[in-house]
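Undergrad: Structure below; questions to follow.
Throughout, read-outs are computed from the coordinates displayed, never taken from laboratory work. Quick caveat: nothing in here was measured; it's all calculated off a predicted structure. Cβ placement follows ideal geometry from the backbone for every residue including glycine, while neighbour counts extend to all protein chains displayed.
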């Protein structure tokens with residue numbers, strides 16, 4: 001089905017693919033794209049038949065960031081002056097990033113082309129990033145006389161690739177191509193364009209083979225680890241999650257049986 005400029009498909013069982021569907025504008029982040037994107041993310045998050053989400057862009061771009069031609073207008077701007085509109089606009093964008101992080105399912109970004117400015121931030125919100133060889137990443141704000149820090153970029157990027165590299169990339173505003181992105185850990189791997197979606201689907205299929213609850217809790221623990229105040233605090237958090245799974249499901253016993261019987265386990269949670 002099509003929701004405004006967002007295309008939602010089910011290319012494989014238990015996989016939802018969300019495509020930013022405005023290729024003629026390099027899938028720019030106009031409000032009439034971002035609002036339905038957030039709505040789609042929130043709806044799919046509570047679809048318990050969906051185990052993995054793939055996020056990509058139509059055409060040859062992933063997302064070019066802010067729409068410089070027509071940012072769009074929303075009813076929530078009515079009656080506000082420019083400062084108020086700006087604050088509402090930022091909230092709309094922030095909510096998309098947070099919606100990806102809060103999804104119950106792992107989100108794989110299939111980065112099929114340029115990820116610029118807000119598009120760079122959008123890719124970083126995903127749990128896993130796989131990129132086509134033609135993809136590149138650019139923190140555009142600094143090049144436009146603004147700050148490169150937006151939509152969580154200055155929080156997530158140093159944690160993804162290390163502080164020194166993040167400082168250098170964000171302060172220089174330079175492009176990071178797919179080869180470098182793979183080398184520094186910004187993406188999991190780069191592949192030929194025609195192999196991008198098949199690679200994402202294969203990874204999704206592997207994830208789907210594990211416990212539904214186990215995958216969800218692992219995603220939550222990984223994000224919680226980025227915010228943890230100390231190793232001790234986070235280990236305690238992890239321990240409770242592991243005990244919850246061990247004591248309230250038969251997954252561990254099923255894994256042992258399946259290993260003995262030389263078959264794939266069927267986790268019932």
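Undergrad: Per the Debye formula with a single identical scatterer at each Cα and no solvent contribution, what log10 I(q)/I(0) holds for the chain at q = 0.08, 0.09, 0.11, 0.14 Å⁻¹?
TA: Taking Cα atoms of the chain as identical point scatterers yields -0.35, -0.44, -0.65, -1.02.
Undergrad: Still on this structure, I have one more. Provide the FRET efficiency to the nearest 0.05 for the residue 91-residue 188 pair, computing r from the beta carbons and using R0 = 25 Å.
TA: 0.25
Undergrad: Based only on other Cβ atoms within 10 Å, what is the fewest-to-most ordering of 201, 73?
TA: Arranged by neighbour count, lowest to highest, 201, 73 become 73, 201.
Undergrad: Out of the DSSP beta bridges found with both residues in the chain, what percent are antiparallel (nearest 5)? List each step's numbers first, then the result.
TA: Details: 9 of 29 bridges.
Antiparallel: roughly 30 percent of the beta bridges in the chain.
Undergrad: Next question. In degrees, nearest 10, range 0 to 90: what is the angle between the Cα axis of helix 251-260 and the longest Cα principal axis of the chain?
TA: Tilt relative to the chain: about 60 degrees.
Undergrad: Using only Cα atoms, tell me the angle between helix 231-248 and the longest principal axis of the chain; keep it within 0 to 90° and round to the nearest 10.
TA: 50 degrees
Undergrad: Now a separate question. Taking the chain as the reference, fit the longest principal axis to its C-alpha atoms, fit the long axis of helix 163-172 to the helix C-alpha atoms, and give the angle between the two in degrees, 0 to 90, nearest 10.
TA: It is inclined by approximately 20 degrees.
Undergrad: Here is a follow-up. Could you compute the FRET efficiency for residue 210 and residue 74, with r as their C-beta to C-beta distance and R0 at 51 Å, rounded to 0.05? If you can, show how the numbers build up before the last one.
TA: Working: r = 39 Å, r/R0 = 0.77.
Calculated value: 0.85.
Undergrad: I've got another one for you. Could you please rank 200, 63, placing first whichever residue has the fewest other Cβ atoms within 10 Å of its Cβ?
TA: Details: 200 25, 63 30.
Taking fewest neighbouring Cβ atoms as first place, the list is 200, 63.
Undergrad: With a/c under 1.5 counting as rounded, go ahead and sort segment 198-256 into rounded, prolate or oblate using the C-alpha gyration tensor (a ≥ b ≥ c being the square roots of the eigenvalues; past the cut-off, prolate if a/b is larger than b/c, else oblate).
TA: Values: a/c = 3.56, a/b = 1.28, b/c = 2.79.
Because a/c hits 1.5 or more and a/b fails to exceed b/c, segment 198-256 counts as oblate.
Undergrad: Still on this model: If I build a Gaussian network model for the chain, linking alpha-carbon pairs within less than 10 angstrom, which residue out of 144, 27, 112 has the largest mean-square fluctuation?
TA: Highest fluctuation among the options: 144.
Undergrad: Still on this structure, please answer the following. Multiply the residue separation of residue 240 and residue 159 by 0.36 nm, subtract the distance between their alpha-carbon atoms, and state the gained length in nm to one decimal. Provide the component values of the computation, followed by the final result.
TA: Details: separation 81, 0.36 × 81 = 29.16 nm, distance 2.44 nm.
Working it through step by step, the gained length comes to 26.7 nm.
Undergrad: Taking the Cβ of each residue in 150, 205, 24 as the centre, tally the other Cβ atoms inside 10 Å and list the residues starting with the fewest. Kindly include the intermediate steps, with their values, before the conclusion.
TA: Working: 150 21, 205 15, 24 8.
Going from sparsest to densest Cβ surroundings: 24, 205, 150.
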